[in-house]
1. Which condition does D109 not pass, out of (1) charged (D, E, K, R); (2) under 22 Å from V6 (Cα atoms); (3) free of Cβ contacts under 8 Å to residues at least 60 places away in the same chain, if it passes all the others?
2. Check off (1) assigned to a helix (DSSP H, G or I); (2) among the aliphatic types (A, V, I, L, M); (3) under 23 Å from L37 (Cα atoms); (4) open to solvent by 20 Å² or more (accessible area, probe 1.4 Å) for A88 and give me the number that stays unchecked.
3. Would you mind listing the helices (runs of 4 or more DSSP H) fully within the stretch 120-174 where at least 3 residues are within 19 Å of G44 (Cα to Cα), among the hydroxyl-bearing types (S, T, Y) and touching a strand residue (DSSP E or B) at 6+ places or on another chain (Cβ under 7 Å)?
4. Identify, from the list I119, I114, I57, the residue that is open to solvent by less than 10 Å² (accessible area, probe 1.4 Å), more than 14 Å from the chain's Cα centre (by Cα) and either under 18 Å from Y164 (Cα atoms) or at pLDDT below 95 (or both).
5. Does at least one position in the stretch 100-111 carry a residue that is touching a strand residue (DSSP E or B) at 6+ places or on another chain (Cβ under 9 Å), on the phi < 0 side of the Ramachandran plot and not acidic (D, E)?
6. Among the residues of the stretch 19-35, are any of a type in the set (S, T, N, Q), within 15 Å of the chain's Cα centre (by Cα), surrounded by 13 or more Cβ atoms within 10 Å (Cβ to Cβ) and modelled with pLDDT of 90 or more?
7. Considering each of G67, G130, G154, G83 in turn, give the residue that is open to solvent by less than 50 Å² (accessible area, probe 1.4 Å) and in contact (Cβ under 8 Å) with a residue 60 or more places away in the chain.
8. So A105 clears everything in (1) of a type in the set (A, V, I, L, M, F, W, C); (2) assigned to a loop (DSSP other than H, G, I, E, B); (3) under 22 Å from L161 (Cβ atoms) except one condition, right? Which one?
Amino acid sequence: MMTTPVPFQPLQLKWSDFTTYFLILVFAAGNLILPQLCHLIPSGGLIFLPIYFFTLIAAYKFGFKVGLATAILSPLANSLLFGMPPMAVLPVILIKSCLLAVAAAAIADYSKKITIFHIVLVVLCYQLIGSAIEWIITQHLASALTDLTTGIPGMLIQVFLGWYLLKKLADYEC
C-alpha cells in the first residue's frame, strides 16, 4: 500500500516548557488507560502491545524528550498502580519502550515525513533490537519472540493507527 508522504516537522520541546510536561502526562495517561482496556481481553496486553502506542506518537511528533519520558513513566506507573507489567518483565518493557522512543524520534527527525514505511521502520527497530536484548537478558528465545509472534495485531495497530494519528497531528504546533 503506497501512501503519499506527508511533510512533517517533529517538535523539539525544551525541558523549561510547561507544554513538555503536559504532553508527557497526557501520553503517559493514554499509556495507562489503553492497557487497562486491552487487559479486559484475555492476553490482550500480549496481543495488542498497548503500553507502546502513545510512546510512538509522543516521540515521533513531540521529540526525544517527551517520547523518552513517556517511555519510562508509562511502564513504571502501570506496574506500580496495576501490577502490569509484572516486575519480572518490567526491565525488558522499559528497554523496548525506550528503544521505541529513540527510534521514533530519530526517524521522524531524519525523514521529516510520515509514511507507513517510516512507522514500520520504527516498529521493526524497537521490536527486533528489543527482542534481541530480551533474549540476551532472559536466555529464553521463545519469550523473546513473543511480541514478534503474538503481538502482530498490536504492531499492525501501531503502524496503521499510529500513521493515521500522526498525519492528523502533522499540522499541530505548540
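The values are calculated or read from the model by the stated rules, or taken from the named source; none is laboratory data. Please read these numbers as outputs of a predicted model, since none were measured by experiment. Counting neighbours? That spans all protein chains shown, and the Cβs are built from the backbone with ideal geometry, glycine included. Heads up: the accessible areas ignore ligands, DNA and RNA and are worked out on the full protein's heavy atoms, side chains in. Shrake-Rupley method; radii C 1.70, N 1.55, O 1.52, S 1.80 Å.
1. With respect to (1) charged (D, E, K, R); (2) under 22 Å from V6 (Cα atoms); (3) free of Cβ contacts under 8 Å to residues at least 60 places away in the same chain, D109 is out only on (3).
2. Answer for A88: the failing condition is (1).
3. Numbers: elements: 141-144, 146-149, 152-169.
Correct list: empty, since no element meets the threshold.
4. Numbers: I119 fails: more than 14 Å from the chain's Cα centre (by Cα); I57 fails: more than 14 Å from the chain's Cα centre (by Cα).
One residue alone meets the criteria, I114.
5. From the stretch 100-111, those touching a strand residue (DSSP E or B) at 6+ places or on another chain (Cβ under 9 Å) are 108; that's our starting set.
Now narrow it down to the ones that are on the phi < 0 side of the Ramachandran plot: 108.
When the remaining residues are screened for being not acidic (D, E), the result is 108.
Within the stretch 100-111 (the criterion being touching a strand residue (DSSP E or B) at 6+ places or on another chain (Cβ under 9 Å), on the phi < 0 side of the Ramachandran plot and not acidic (D, E)), the answer is yes, since at least one residue qualifies.
6. In the first step, residues of the stretch 19-35 are kept if they are of a type in the set (S, T, N, Q); the result is 19-20, 31.
Filter again for within 15 Å of the chain's Cα centre (by Cα), leaving 31.
This time we only want the ones that are surrounded by 13 or more Cβ atoms within 10 Å (Cβ to Cβ), so: 31.
Still in the running and modelled with pLDDT of 90 or more: 31.
Yes; the residues of the stretch 19-35 include at least one that is of a type in the set (S, T, N, Q), within 15 Å of the chain's Cα centre (by Cα), surrounded by 13 or more Cβ atoms within 10 Å (Cβ to Cβ) and modelled with pLDDT of 90 or more.
7. Values: G67 fails: in contact (Cβ under 8 Å) with a residue 60 or more places away in the chain; G130 fails: in contact (Cβ under 8 Å) with a residue 60 or more places away in the chain; G83 fails: in contact (Cβ under 8 Å) with a residue 60 or more places away in the chain.
Answer to the check: G154.
8. Every listed condition holds for A105 apart from (2).
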